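First the structure, then my questions, so here it is.
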Amino acid sequence: MDGFGTCCGDLGSAMSEPPKSFFRVEENGVLYLTVGYVPTDRGPGFFDHAVLFCPFCGTKLQDRAEIARRAAGAD
């Protein structure tokens with residue numbers, strides 16, 4: 001499902017403000033949320049999780065099968 005951030009104003013704002021949002025859409029079209037990071041010798045290492053449902057309004061944004069297809073480059 002494309003058009004992430006259109007289900008509610010809160011997600012739309014969270015994806016665009018501040019400039020370094022913890023939400024990001026990969027080139028393959030999968031929406032991820034950064035849930036943690038750890039400092040390493042080579043800079044911060046980030047832990048990202050694919051977002052299935054909007055954390056603000058609960059709208060389904062993508063499903064596991066769609067994420068797997070896109071991550072494998074099948075879409």
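The values are calculated or read from the model by the stated rules, or taken from the named source; none is laboratory data. Since we're looking at a predicted model, the values are computed, not measured. Note: ideal-geometry Cβ built from the backbone for every residue, glycine included; neighbour counts use all protein chains shown.
Quick grid of which residues meet (1) of a type outside the set (D, E, K, R); (2) in contact (Cβ under 8 Å) with a residue 12 or more places away in the chain; (3) in contact with a helix residue (DSSP H, G or I) (Cβ under 9 Å, 6 or more places away or on another chain):
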residue: C7; (1), (2), (3): yes, yes, no
residue: G12; (1), (2), (3): yes, no, no
residue: K20; (1), (2), (3): no, no, no
residue: V25; (1), (2), (3): yes, yes, yes
residue: L31; (1), (2), (3): yes, yes, yes
residue: T40; (1), (2), (3): yes, no, no
residue: F53; (1), (2), (3): yes, no, no
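One line per residue, one yes/no per condition, for (1) in contact with a Gly (Cβ under 8 Å, 6 or more places away or on another chain); (2) surrounded by 12 or more Cβ atoms within 10 Å (Cβ to Cβ); (3) among the basic types (K, R):
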residue: G3; (1), (2), (3): no, no, no
residue: D10; (1), (2), (3): no, yes, no
residue: R24; (1), (2), (3): no, yes, yes
residue: E27; (1), (2), (3): no, no, no
residue: Y37; (1), (2), (3): yes, yes, no
residue: G45; (1), (2), (3): no, no, no
residue: D48; (1), (2), (3): no, yes, no
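For the chain, which fully contained strands (runs of 3 or more DSSP E) count at least 1 residues that are at pLDDT 95 or above? Show your work before the answer.
Working: elements: 23-25, 31-40, 43-50.
Passing ranges, in order: 31-40, 43-50.
Restricting attention to the range 55-75, which residues are of a type in the set (G, A, S) and either without any contact (Cβ under 8 Å) to a residue 12 or more places away in the chain or at negative phi (or both)?
Our first condition is that a residue be of a type in the set (G, A, S); within the range 55-75, this holds for 58, 65, 68, 71-74.
Once the filter is applied, which keeps residues that are of a type in the set (G, A, S) and either without any contact (Cβ under 8 Å) to a residue 12 or more places away in the chain or at negative phi (or both), the range 55-75 yields G58, A65, A68, A71, A72, A74.
Quickly run through the range 30-57 and pick out the residues that are of a type in the set (G, A, S) and farther than 17 Å from K20 by Cα. It would help to see each step written out before you state the result.
We begin by selecting, within the range 30-57, every residue of a type in the set (G, A, S); these are 36, 43, 45, 50.
Once the filter is applied, which keeps residues that are of a type in the set (G, A, S) and farther than 17 Å from K20 by Cα, the range 30-57 yields only A50.
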